[in-house]
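I have placed the structure first, in the form of structure tokens, so that the comments after it can refer back to it.
The values are calculated or read from the model by the stated rules, or taken from the named source; none is laboratory data. Keep in mind that this is a model prediction, so the values were computed, not measured. As a convention, Cβ positions derive from the backbone with ideal geometry for all residues, glycine included, and neighbour counts pool all protein chains shown.
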């Protein structure tokens, strides 16, 4: 199941985009798909979700009170480097856009108000490029494995991490149990205001 993450502080915008994506299939590599779409008005909550599940694409509003779109997409790049990133904005802040391109390495900029056809077409193009990039990376990994530069275990760990972010960072006890660092959890909760 393909997943898209939408982040915008305006619930009306999220509802409109969600409705559009439910009604209009996205065609990638000749295949129509109706993605699973997760929506968040809070960038912090969106990033928490991204720490737990993989996304193919994130579309973030540029100006939000809690965190701007550049910061959201920069964090997404750190969490999920293979996730495509798109900025959606009603502002034409050139410096902000340059920051988004340089810091978050966005794939596209979509202006508000958007045209529905162009919005879906843009997402399809971004996802098409992502699919090609992922395929190239997979082929390069196979070559590196054949050359002995990486092991099959390392490739499998990379694949698992792409599929389920954070899964390879589990700490195991000598008896096979999962070790939970309660201090680390408490610190993470404090950082997110819970």
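When 99, 30, 90 are checked against the criterion of being at pLDDT below 90, crowded, with 17+ Cβ neighbours inside 10 Å and in the same structural domain as residue 127 (by TED's automatic domain parsing), 99 stands alone in meeting it. For residue 46, the conditions (1) under 13 Å from the mean Cα position of the chain (by Cα); (2) within 20 Å of residue 117 (Cα to Cα); (3) without any contact (Cβ under 8 Å) to a residue 60 or more places away in the chain are fulfilled apart from (2). Scan segment 143-177 for residues that are in a helix (DSSP H, G or I) and modelled with pLDDT under 70 and the total you get is 5.
Restricting attention to segment 109-117, does a residue exist that is surrounded by 15 or more Cβ atoms within 10 Å (Cβ to Cβ), assigned by TED's automatic domain parsing to the domain that holds residue 17, free of Cβ contacts under 8 Å to residues at least 24 places away in the same chain and under 17 Å from the mean Cα position of the chain (by Cα)? Yes, the conditions are met somewhere in segment 109-117. The number of residues in segment 119-144 being over 16 Å from residue 26 (Cα atoms) and touching a strand residue (DSSP E or B) at 6+ places or on another chain (Cβ under 8 Å) comes to 0.
Here the condition is being assigned to a strand (DSSP E or B) and more than 13 Å from the chain's Cα centre (by Cα); of 66, 32, it holds for 32 alone. Return the total of residues in segment 14-43 being out of contact with any strand residue (DSSP E or B) (no Cβ under 7 Å at 6 or more places or on another chain) and free of Cβ contacts under 8 Å to residues at least 40 places away in the same chain. Going through segment 14-43 one residue at a time, the tally reaches 11. No other residue among 73, 79 is in contact (Cβ under 8 Å) with a residue 40 or more places away in the chain, in the same structural domain as residue 115 (by TED's automatic domain parsing) and touching a helix residue (DSSP H, G or I) at 6+ places or on another chain (Cβ under 9 Å) apart from 79.
(1) within 23 Å of residue 135 (Cα to Cα); (2) outside any loop (DSSP other than H, G, I, E, B); (3) touching a strand residue (DSSP E or B) at 6+ places or on another chain (Cβ under 8 Å): which one isn't true of residue 54, the others all being true? Among (1) within 23 Å of residue 135 (Cα to Cα); (2) outside any loop (DSSP other than H, G, I, E, B); (3) touching a strand residue (DSSP E or B) at 6+ places or on another chain (Cβ under 8 Å), the lone unmet condition for residue 54 is (2). Note on segment 133-166: residues that are exposed (fewer than 11 other Cβ atoms within 10 Å of the Cβ), closer than 26 Å to residue 52 by Cα and free of Cβ contacts under 8 Å to residues at least 60 places away in the same chain amount to 3.
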